[in-house]
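Below is one structure, written out as structure tokens, with a few remarks after it.
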């Protein structure tokens, strides 16, 4: 009985860890686990304090590709560390990101309540 419970616990643990590791792709290109809480990237490229917002780390961006996001968000475009612009996306999802030719990376800011559902991906 004790060995059966231990084996059952081990199997449940492995299943749980597998589920957790596979969920890391749920955000697509957006790693919400590394996003910071408490601000969003404003229209002038500077962080704006807001406890209900999260901001991603820099995400590689290729203007020859098309990207979609499924939740309202602010996408800030950069060339290296040089800020280009921030665009708010708030239409019906999925929303296609504008193509900014000179950008090579983006930062996505979003409401904390969308943390579990937001997804950025290349359009098919």
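Each value in this text was obtained by applying a stated rule to the coordinates, not by laboratory testing. What you see is a predicted model; the values in this text were computed from it and never measured. Counting neighbours? That spans all protein chains shown, and the Cβs are built from the backbone with ideal geometry, glycine included.
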Listed peptides 68-74, 80-86 by packing density, highest first (mean Cβ within 10 Å): 68-74, 80-86
Global form of region 42-124, assessed from the alpha-carbon gyration tensor, a/c cut-off 1.5: oblate
Potential extension, residue 60-residue 96 segment - 0.36 nm per residue separation minus Cα distance: 11.3 nm
